[in-house]
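The values are calculated or read from the model by the stated rules, or taken from the named source; none is laboratory data. The structure presented is a predicted model; accordingly, all values stated were derived computationally and were not measured. Cβ: placed from backbone, ideal geometry, glycine included. Neighbour counts: every protein chain shown. We work out accessible area using only protein heavy atoms, side chains counted, and drop any ligands, DNA or RNA first. Shrake-Rupley method; radii C 1.70, N 1.55, O 1.52, S 1.80 Å.
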Amino acid sequence: MKRKVITMHTIHFPRQVVYGEDSLKKVGEIARQEGKHALLISDPVMNELGNVAACRQLLEEAGVDVITYLGVESEPTDMYVDEALFICLEAACDLIVSIGGGSCIDTAKAVSVVMTNGGFVSDYMNQRTIAGNEGLPLIAIPTTGGTGSEVTDATVITNEETGVKMMIKQPAFMPKIAIVDPLLTLSTPKNTTAAVGIDSLTHALEAYISKRAHPFTDQFARSSFQLIMENLKDAYQDGDNITARSNTMFASMQAGMAFSNASVCLVHGMSRPIGALFHVPHGISNAMLLPVVLEYSKHACEERLYKLACHVYPKLKNVSASEGANRLVQRILTLCEDLNIPNLGSWGIDRGEFERALPKMADDALMSGSPANNPEVPTKEEIIDLYQQAYHYQYSSKTT
């Protein structure tokens with residue numbers, strides 16, 4: 001009797017996740033178990049809001065010495081990594097705490113790994129160097145409820161010399177501990193709420209349709225996708241809606257767990273070069289690309305989209321797979337429209353500069369590896385065409 005072949009998967013998560021309102025208050029107690037000298041990585045906005053001071057006080061009350069790096073003023077670059085690494089080495093830190101959005105946490109991941117493995121962060125791109133040692137213990141504390149970086153083993157760092165957004169994914173880049181406190185998202189501005197929310201939605205959707213998806217990641221992707229579709233608009237329209245904020249932050253964490261173990265696809269591959277060259281926030285560039293990439297890909301993942309549609313909207317079980325997939329896509333586009341997502345042209349990207357950058361962007365997208373996970377794998381020419389479509393894309397009238 002033949003035995004069924006079972007495909008095995010390895011799942012990577014932080015060692016510990018502390019989730020819930022006021023969970024930030026646990027940071028001192030947790031940090032004390034990991035080290036005595038912490039580098040606190042954050043940004044000027046978190047400092048102005050008082051989150052850095054609050055975190056520092058909790059650490060110091062627990063007996064942990066703290067030195068800060070607040071230089072993360074945009075999406076992370078190798079310069080930020082080098083600056084923070086210098087401070088970490090000079091102060092002989094044995095622990096890193098990062099509070100802020102994905103840029104702060106991604107910077108902290110890179111510092112953590114380079115501290116214990118040496119070299120430069122660019123050495124780790126495309127597995128050229130494998131981090132054989134665990135990184136310095138990292139406690140990641142997200143504040144935007146969008147990127148999911150606190151639960152992923154990936155970091156995205158822009159190489160300032162080459163203009164390439166380096167997507168680096170290795171187990172050593174996983175934070176040791178994540179503290180996920182929804183109360184920290186209450187100060188997130190509307191435009192940032194939209195950007196990181198669509199980033200999470202794209203994480204969930206791409207994890208679900210990825211060629212590397214499996215039953216474990218499907219559970220997280222479906223739950224995350226549904227929570228975002230049901231709550232993101234409310235969080236955007238009323239930033240003080242703690243229920244919507246909590247649900248979107250929980251969804252962000254789930255989406256991070258999903259894509260970290262199933263990988264992202266074409267949207268993310270094409271999004272990173274836009275961010276690197278034209279400094280468009282990652283979530284917004286994802287949203288700008290999502291409509292045209294969905295149209296390009298949906299025929300190759302129609303059944304998967306239909307199953308996801310039926311999970312979120314049970315009434316769609318009564319329609320065909322093709323219609324159900326189309327309706328799901330339309331509801332995603334309607335959400336983007338409700339969040340006032342612009343196209344590339346209306347964002348202010350110069351048309352001439354954009355056209356000249358297309359070959360490099362397409363090459364960089366393919367080099368990242370993410371497009372290879374897409375249900376339909378594009379050629380360089382097809383990626384260029386999709387970029388051109390996204391530049392002028394106009395949302396259709398709202399669909400119910």
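Data overview
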| quantity | calculated |
| --- | --- |
| Near pairs, Cβ below 8 angstrom, 6+ apart or cross-chain, from the stretch 342-363 (among the β-branched types (Val, Ile, Thr)) to any residue that is assigned to a helix (DSSP H, G or I) and open to solvent by 30 Å² or more (accessible area, probe 1.4 Å) | Ile349/Phe278 |
| Residues satisfying the stated conditions in the stretch 25-61, i.e. open to solvent by less than 20 Å² (accessible area, probe 1.4 Å) and in contact with a helix residue (DSSP H, G or I) (Cβ under 8 Å, 6 or more places away or on another chain) | Val27, Gly28, Ala31, Ala38, Leu39, Leu40, Ile41, Ser42, Met46, Val52, Cys55, Leu59 |
| Qualifying residue in the stretch 203-224 (condition: open to solvent by 10 Å² or more (accessible area, probe 1.4 Å), out of contact with any strand residue (DSSP E or B) (no Cβ under 7 Å at 6 or more places or on another chain), within 23 Å of Pro281 (Cα to Cα) and of a type outside the set (Gly, Ala, Ser)) | no |
| Every residue from the stretch 265-297 that is closer than 22 Å to Asn231 by Cβ and modelled with pLDDT of 95 or more | Val267 |
| Count - residues of the stretch 200-246 that are closer than 21 Å to Val180 by Cα and part of a loop (DSSP other than H, G, I, E, B) | 4 |
| Residue count, the stretch 306-362 (criterion: among the aliphatic types (A, V, I, L, M), open to solvent by 20 Å² or more (accessible area, probe 1.4 Å) and part of a helix (DSSP H, G or I)) | 1 |
| Filtered residues of the stretch 306-352 (kept if acidic (Asp, Glu) and over 21 Å from Val196 (Cα atoms)) | Glu323, Asp350 |
| Neighbours by Cβ (under 8 Å, 6+ apart or cross-chain): first from the stretch 296-311, more than 14 Å from Thr202 (Cβ to Cβ); second hydroxyl-bearing (Ser, Thr, Tyr) and part of a helix (DSSP H, G or I) | Glu302/Ser322; Arg304/Tyr208; Tyr306/Ser322 |
| Breaking point among (1) surrounded by fewer than 22 Cβ atoms within 10 Å (Cβ to Cβ); (2) assigned to a strand (DSSP E or B), for Met166 | (1) |
| Some residue of the stretch 78-85 being under 15 Å from the mean Cα position of the chain (by Cα) and surrounded by 24 or more Cβ atoms within 10 Å (Cβ to Cβ) | no |
| Selection from the stretch 236-250 of residues that are open to solvent by less than 30 Å² (accessible area, probe 1.4 Å), touching a residue at least 60 places away in the same chain (Cβ under 8 Å) and within 17 Å of Gly20 (Cα to Cα) | Arg245, Ser246, Thr248, Met249 |
